[in-house]
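The values are calculated or read from the model by the stated rules, or taken from the named source; none is laboratory data. Quantities reported herein were computed from a predicted structural model and do not represent experimental measurements. Glycine also receives a Cβ, built like all others from the backbone with ideal geometry; neighbour counts cover every protein chain displayed. Please note that ligands, DNA and RNA were not included when accessible areas were found on the heavy atoms of the full protein model with its side chains. Shrake-Rupley method; radii C 1.70, N 1.55, O 1.52, S 1.80 Å.
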Amino acid sequence: MTALTLKPAGTATLRADAVVVAVAKGDKGPVLAAGAEAVDKAFGGKLATVLDTLGASGGEGEITRLPAPDGLKASFVVAVGLGALPEKDDTYGTETLRRAAGTVARSLAGTDKAAFALPIEAAEDIEAIAEGALLGAYAFTAYQEKGNGGKAPLGEILLLGAKPRDKAHKAAAERAIAVAEEINRARDLVNTPPNDLDPEAFAAVATAAGKEHGIKVQVLDEKALLKGGYGGILGVGAGSQSPPRLVKLSYTSSKAKKSLALVGKGITYDSGGISLKPAGHNETMKCDMAGAAAVFATVVAAARLGLEVNVTGWLALAENMPSGSATRPGDVLRMYSGKTVEVLNTDAEGRLVLADAIARASEEKPDAIVDVATLTGAMMVALGGKTFGVMANDDAFRAAIHSIAEEVGEPSWPMPLPADLRAGMDSSTADIKNIGDRMGGGLVAGLFLKEFVGEGITWAHLDIAGPAFNEGGASGYTPKGGTGASVRTLVKLAERTAAGDLG
Ligand code: BES
Ligand code: MN
Ligand code: ZN
């Protein structure tokens, strides 16, 4: 993992391989952002002109490398584009800074040490830059000797312009490091191929992390699941050689007044089961445990940050495979809650494992439950590949999550749970079917889950099928593959819950 330290401003002569400055897009060419003063001085005050001559515009995500002049100890300078100049108060938004830091950190793969001289007005800017840089420097190299284009991720970041002894600055950097490292952990889990990450292996990773961070971890194996009556989780895992698990992670704070339960869909591979997915739809389905990875990462981050709230993570882990022992379309499962479900499409498996975990989580009467899942292709049709859908049984809670997501730079959109779609799940054999109307399929899945939420408990459902896995190219601080989507939202939600701002 890339290291990050805070340094005061005006030390652009620090020993580093590269110095990073930012440049915005002005009417008459690139405009240097605050933080670049010392570097500009070394260029005789002509850095903007030099960049202009090189064809740089300051457009968002633009990277320009130039040799460092005498007077700088670094061997080269990198200018990263921020896009349009800020409108009013001369400050760039935190998401602009986060993205720029991510883009430039990505471009610095193969470099040992870089000093970032970016515009910093407040502690939140430090946090955004640190977060973006650490997320952008991420690379998944476990299976390639010369992964990442043969280049090691950027080794070390010096964040200039901070006050290393200022409590707020220090806290901002520490928070960014904890959150980014946990997001990167979630990305690693998502990227790990399904032959190496089955439910048992995922549970082992959670157990080890729990030990390290003082989180209590309980694992229900297939025998315990049978004894407990977890028909949904067992039904989904029935076709696999790798049996399912339900993992409970309990982070508790002695100062907690509120409790939050997070439930993650952890399908370590989704073949569709007997309702097998066609070729072209299977290849990325190692990502189907991204919800569980996000929940796991959030609980660990909460522990590392010592948040004053109790956070319980539930990882519903199973592999969805076809075989002679697999659940058939037509089978009826008796769920943990006691409800019966007629499984008419074994590819609608996420809602089955989540239903059991949500019902179990409800027994502990948390102040709120949030489930996170790569649940439906329909949500991707609705919102595209970058935005997650937010559904809830409480309008204020849904709005709060949407606005928290916006604050942390994660695109999301509130979605309804129209009551009329419930009828499509009526079954003549069981209490409910696991599929309903094709139209509004993402909302149908949400309505299914709602049935398993305990009476009177505030609940929200995040369908992260789009943003969890990036099939396109890397951009900003988002790499190809696993993204760690929703972790920043969930950590902020836990913080707000701790502060008593919710419910
Ligand atoms: N894991 C998939 C949803 C998914 C699709 C996630 C694409 C990420 C990318 C889920 O288990 C699934 O197969 N859903 C079905 C539900 C349908 C059978 C009602 C779907 O969306 O087609
Ligand atoms: Mn499926
Ligand atoms: Zn799935």
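Restricting to segment 201-332, what percent of DSSP beta bridges are antiparallel, rounded to 5?
Working: 12 of 23 bridges.
Counting only bridges with both partners in segment 201-332, antiparallel ones make up about 50 percent.
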By the Cα gyration tensor axes a ≥ b ≥ c (a/c under 1.5 gives rounded; else a/b larger than b/c gives prolate, otherwise oblate), the shape of segment 3-165 is rounded
For the chain, longest principal axis from Cα atoms; helix 487-498 axis from its Cα atoms; angle between them, nearest 10 degrees, is 80
For segment 12-56, listing trypsin sites (Lys or Arg not before Pro) in a DSSP loop whose Cβ sees at most 16 other Cβ atoms within 10 Å gives Arg15, Lys28, Lys46
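What does the charge add up to near Ala204, with Lys and Arg as +1, Asp and Glu as -1, over the other residues with Cβ less than 12 Å from its Cβ? Write out the running numbers ahead of the final one.
Numbers: positive: Lys211, Arg245; negative: Asp196, Asp198, Glu200, Asp221.
My count for the surroundings of Ala204 gives -2.
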Per DSSP, the loop-located GluC sites (Glu not before Pro) within segment 34-97 having at most 12 other beta carbons within 10 Å are Glu87
With a Förster distance of 56 angstrom and the Cβ-Cβ distance between Glu121 and Thr284, calculated FRET efficiency to the nearest 0.05 equals 0.90
Simple SL model, points at 7 angstrom along Cα→Cβ for Asp501 and Glu471; separation in nm is 3.5
Residue span Asp367 to Lys167: 0.36 nm per residue of separation minus Cα-Cα distance leaves a gain in nm of 68.9 nm
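For segment 3-165, what relative contact order do you get, as a whole percent, if you take Cα pairs closer than 8 Å and at least 6 residues apart?
Details: 365 pairs, mean separation 52.2, N = 163.
Relative contact order, segment 3-165: 32 percent.
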Restricting to Cα pairs under 8 Å and 6 or more apart, the percent relative contact order of the chain works out to 15
Of the residues Val341, Thr103, Ile457, the Cα lying farthest along the dipole of the chain towards its positive end, which is defined by charges on the beta carbon of Lys, Arg, Asp and Glu, belongs to Thr103
Counting only DSSP beta bridges with both partners in segment 184-499, the antiparallel fraction in percent, to the nearest 5, comes to 45
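So how strong a dipole does the chain carry about its Cα centre when Lys and Arg Cβ are +1 and Asp and Glu Cβ are -1, to the nearest 20 debye?
It comes to approximately 860 debye.
Could you tell me what % of all Cα pairs in segment 184-499 have separations over 36 Å?
8
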Length gained, Ala208-Thr141, 0.36 nm per residue minus C-alpha separation, equals 22.0 nm
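Would you mind getting the accessible area per residue of the chain, heavy atoms of the protein chains only, 1.4 Å probe, in Å²?
40
Work out how much length Leu226 to Ala152 would gain on full extension: take 0.36 nm times their residue separation and subtract the Cα-Cα distance, in nm to one decimal.
Roughly 22.1 nm would be gained on extension.
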Simple SL model, points at 7 angstrom along Cα→Cβ for Asp394 and Ala423; separation in nm is 3.1
Asserting the computed 222 nm helical MRE of the chain (DSSP H runs at least 4 long, -39500 (n - 2.57) per run, divided by residue count, to nearest 500) equals -10000 deg cm²/dmol
Among Gly350, Ile267, Gly150, the residue whose Cα sits farthest towards the positive end of the charge dipole of the chain, when +1 is placed on the Cβ of each Lys and Arg and -1 on the Cβ of each Asp and Glu, is Gly150
Quick note, segment 82-214: a/c under 1.5 would make it rounded; otherwise a/b > b/c is prolate and the rest oblate (a ≥ b ≥ c, C-alpha gyration tensor); here it is prolate
Yeah, segment 434-474 with a ≥ b ≥ c from its alpha-carbon gyration tensor (a/c under 1.5 is rounded, else prolate when a/b outruns b/c, oblate otherwise) is oblate
Expressed in nanometres to one decimal, the distance between label points 7 Å along Cα→Cβ at Ala84 and Met1 is 3.7
